[in-house]
Amino acid sequence: MCSNLVRCLGDGNTSLQKLATSIVFFFCLSDVSCNSVEQKIYVELNNTVPCVRLLNATHQIGCQSSISGDTGVIHVLESEADLEWPLSKGPNPPYMVLLESSLFTRSIMMKMKNESNRVAGVAVVVPNTSPPEFSPHTTCPNENTGVYSDNYGPNLAHCNTTVWNPRGNGLSYEEFDFPVFSLKEDNETEFIKQCYLDHNRAVNGSAPQYPLCAMQLFSHMHAVTNTPTCMRRNDINFSINPEMVCDPLGDYNVWGSIRPYNDTVFGHKENESVVIAAARLDSRAFFWEVSTGAEGSVSGFVTLLAAAQALREVTHAAPPTRNILFAFFQGETFDYIGSSRMVYDMENGKFVIDLDNIHSVLEIGQVKNLVNNLQSSTAGLGFLLVEPNVSQPLPPSSLQRFLRAQPIPGIVLADHESAFNNRYYESFYDNAANLNLTYPSDLSPEEQLEFVTDTAKSLTDVATVVARALYKQAGGDESLVNTIKADPKIVTQMLYGFLVSSNNSWFQAVMAPELKNILKPSPPEYYVGVAMSSTPTRLVQYLLANLTGAATNLTQSQCMYSYLWVQGIVPPNSTERDSFCVRASVRLTKAVSPAFELGEYASKDYSTWTESRWKFIKARIFLVASRDLEMLTLGVGVAVLFTSLLVTYFISTKADVLFSSTREPASAAY
Amino acid sequence: MNLERLPNEEKLTLCRKYYLGKLQMYVCVWGFAFLPFLWLVNVVWFFKEAFVKPTYTEQLQIKTYVKRSGLGLLLWVAVLTTWITIFQHFRAEWGEVGDYLSFTIPLGIP
């Protein structure tokens, strides 16, 4: 019978073979495209911003993920009471908690921090409209590096008299050992919520069944412990592959003066008395780099730029006796990086003037609401300047670093008498809407650039007062004071460029050709960063040059000015830009904390903030199977392996019996 | 190398070489450092020769070499295990000293 079967198979062999090959060929043809299995499993999330780790002399703050990412079952949090599902009741820990912005509060984050073995990570959905108030900064900004300390004004130090940021919940300065990412309110977030509703919802109190929707976040930070440790590990060259683990925060300060200084002659200048007008450039938020700082910093430096422009003509026509120096400091958010560096340079003869050359300082702080009193003052403008109580300390400001070095008369101009009015201090909600910057809806971007908003008008009034005060303070001609007026058109163009879209025609005309790519259709980021190439610094440098300098035909005289080649505007009937050379006394000085120059990484006097490095940051979601199923699959695989080994061993030992026995009947048949 | 094919005197010379670590003339300096491994090789390779095979003239000496290699090996293992345990446990706490003693420092953890 066996031989009959063989004969049958032998006859039908060719047609069977043909059928088999044609079936295989057909399958090959139909699945020719390169379909990666990975794409079928994972959905990459692209519009995410991580929270990164920052370190200072004693602590680390921010978030850390494990080196191969943190995976957790997605849970969309509905209320604070719902927290007990991920933290205690839920049967499938660890969970990846998705928060709406209204639930992104200190109490919820602290509860998750305490139970962090059940929480794999947090994703926060940042909406387009702002909540009533939110400030992740501390209540007392820069409390250890100002002028008030236990030795000097102890009752004013550490916010004992005035709490500057009462709404601050301090989240930015907490340490989390799980990753926290932010998501925008867009299609990706809808997809995530839909995935949660489809797979992860508990039906009538029973646990949801596998497979469940999970999210994996990668944001592994290299630096640990504190700045001295990470700077030490940067320097160790012993291993084959030396790796940098952190970088100091810092960028450049921008400064310019009415009468120029020779950039190579440093130190004290005889008979030179200077009035310094200062503002800060930077800001921060909880998540990395996303910071708009509208009320916190933009209002201040835009006003100062407008004042500088207002002073241009009168100081050329009737120069005041003292010089006026405009200084824009970077890194002030992180323990006064820029101003402490400038004071340090002045103390050590590395700057064009000395601390003894300073006559007084006028600093512009947060000035959004300075014009809310419509009664006219003697100056004929719409607001009243009030001097607060003598027992009130100075708010956190660059002036404090100057006072720390030497007693200098100074003023800080702000719209708050005690606590900040800013409801979103150092948060990602401090944007154009916070400054009430609204444009009529039917305007094109170019028309919006030119439209003079109410905010612009009020800041123009502040700029006019500042310019007049500076001129008087510098000993200028009294009769000319009332001719000084700031230009509202320039102020509104600056507000548009710094808060709505930096890629507009005016900014394009003012910038250098090689820098035009830093202009984007969105507002610039005000985080100081580590790359020494922050967009606001460059913008302010070129704007200050444009507003205080003069367009020239390139003459090469004694160079006490800096010459900047800028793009210029496009004339109406051509496509080429009218580029020209601007001569201005605008300079950049390094704004890196003196602690890194001196190597004192544990310094208590200077800022020691560093930012960790990382390899890559990404987020993705996928369906995850239960642990039991995974173990079962593994078990079955191992069992198959051992079975096949056993079978092979068995066959090889009994080979002579098995194979000779099949031959025997065949030979017997013949 | 199949020990079964060697004559007994050569086995003895080989065992001694591994015990002393003098595999090559110029390696004798480095032999000291690799001694734990050479001793391990000695013990494993010559164990059968020294204790299991029937007696022959050189076996006594081979036995002493194997025994001494075994003792040295145990000593090295004890020392190394203690040091490795202490270092891995306390490296993070030692801060600066720990970092300078390390060859590669793990990223992102203390």
- Query: Which one is farthest from the other protein chains (Cβ to nearest Cβ) among residues in region A:183-221 that are closer than 30 Å to A:Ala57 by Cβ and open to solvent by 10 Å² or more (accessible area, probe 1.4 Å)?
  - Reply: A:Phe218
- Message: I need a count of the residues in region A:462-492 that are open to solvent by 40 Å² or more (accessible area, probe 1.4 Å), over 20 Å from A:Ile276 (Cα atoms) and assigned to a helix (DSSP H, G or I).
- Response: 6
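Okay, residues lined up against (1) open to solvent by 40 Å² or more (accessible area, probe 1.4 Å); (2) in a helix (DSSP H, G or I); (3) at pLDDT 90 or above; (4) touching an Asp or Glu at 6+ places or on another chain (Cβ under 7 Å):
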{"residue": "A:Val361", "(1), (2), (3), (4)": "no, no, yes, no"}
{"residue": "A:Leu374", "(1), (2), (3), (4)": "yes, no, no, no"}
{"residue": "A:Ser377", "(1), (2), (3), (4)": "no, no, no, no"}
{"residue": "A:Glu387", "(1), (2), (3), (4)": "yes, no, no, no"}
{"residue": "A:Pro396", "(1), (2), (3), (4)": "no, no, yes, no"}
{"residue": "A:Glu417", "(1), (2), (3), (4)": "yes, no, no, no"}
{"residue": "A:Asn422", "(1), (2), (3), (4)": "no, no, yes, yes"}
{"residue": "A:Asn434", "(1), (2), (3), (4)": "no, yes, yes, yes"}
- If we scan region A:444-460, do we find a residue that is out of contact with any helix residue (DSSP H, G or I) (no Cβ under 8 Å at 6 or more places or on another chain) and surrounded by 17 or more Cβ atoms within 10 Å (Cβ to Cβ)? yes
- Note on the structure: Taking region A:39-59 and keeping only residues that are closer than 19 Å to A:Met109 by Cα, in contact with a Ser or Thr (Cβ under 6 Å, 6 or more places away or on another chain) and within 13 Å of another protein chain (Cβ to nearest Cβ), one is left with A:Arg53
- Message: Against the definition (open to solvent by 10 Å² or more (accessible area, probe 1.4 Å), among the small types (Gly, Ala, Ser) and more than 17 Å from A:Gly62 (Cα to Cα)), how does A:Ser116 come out, yes or no?
- Response: no
- Pick from A:Asp605, A:Asp578: which is out of contact with any Phe, Trp or Tyr (no Cβ under 6 Å at 6 or more places or on another chain), modelled with pLDDT of 90 or more, surrounded by fewer than 20 Cβ atoms within 10 Å (Cβ to Cβ) and not polar (S, T, N, Q)? A:Asp605
- Message: Tally up the residues in region B:72-110 that are within 14 Å of another protein chain (Cβ to nearest Cβ) and either of a type in the set (S, T, N, Q) or surrounded by 11 or more Cβ atoms within 10 Å (Cβ to Cβ) (or both), please.
- Response: 17
- Query: Does any residue of region A:64-72 turn out to be among the charged types (D, E, K, R) and surrounded by fewer than 20 Cβ atoms within 10 Å (Cβ to Cβ)?
  - Reply: no
- Note on the structure: Within region A:166-181, restricting to residues that are touching a helix residue (DSSP H, G or I) at 6+ places or on another chain (Cβ under 9 Å) and part of a loop (DSSP other than H, G, I, E, B), the one that is nearest to A:Ser101 (Cα to Cα) is A:Asn169
- Considering (1) part of a helix (DSSP H, G or I); (2) under 19 Å from A:Tyr471 (Cβ atoms), say which one A:Met346 fails and leave the rest. (2)
- Item | Residue check, A:Glu78 open to solvent by 30 Å² or more (accessible area, probe 1.4 Å), more than 30 Å from A:Asn142 (Cβ to Cβ) and in a loop (DSSP other than H, G, I, E, B) | yes
- Task: Output the qualifying pairs, or none if there are none: Cβ atoms under 7 angstrom, residues six or more apart or on different chains, first residue in region A:239-265 and farther than 17 Å from A:Val528 by Cα and within 14 Å of chain B (Cβ to nearest Cβ), second residue assigned to a strand (DSSP E or B) and of a type outside the set (Phe, Trp, Tyr).
- Result: A:Val245/A:Ser612
- Message: Being within 14 Å of chain B (Cβ to nearest Cβ) and in contact (Cβ under 8 Å) with a residue 12 or more places away in the chain is the requirement here; does A:Thr292 meet it?
- Response: no
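The values are calculated or read from the model by the stated rules, or taken from the named source; none is laboratory data. Bear in mind that the values here come from a model prediction, so they are computed numbers and not experimental data. Reconstructed Cβ throughout: ideal geometry from the backbone, glycine too, with neighbour counts over all protein chains shown. Ligands, DNA and RNA are excluded from the accessible area calculation, which covers all protein heavy atoms including side chains. Shrake-Rupley method; radii C 1.70, N 1.55, O 1.52, S 1.80 Å.
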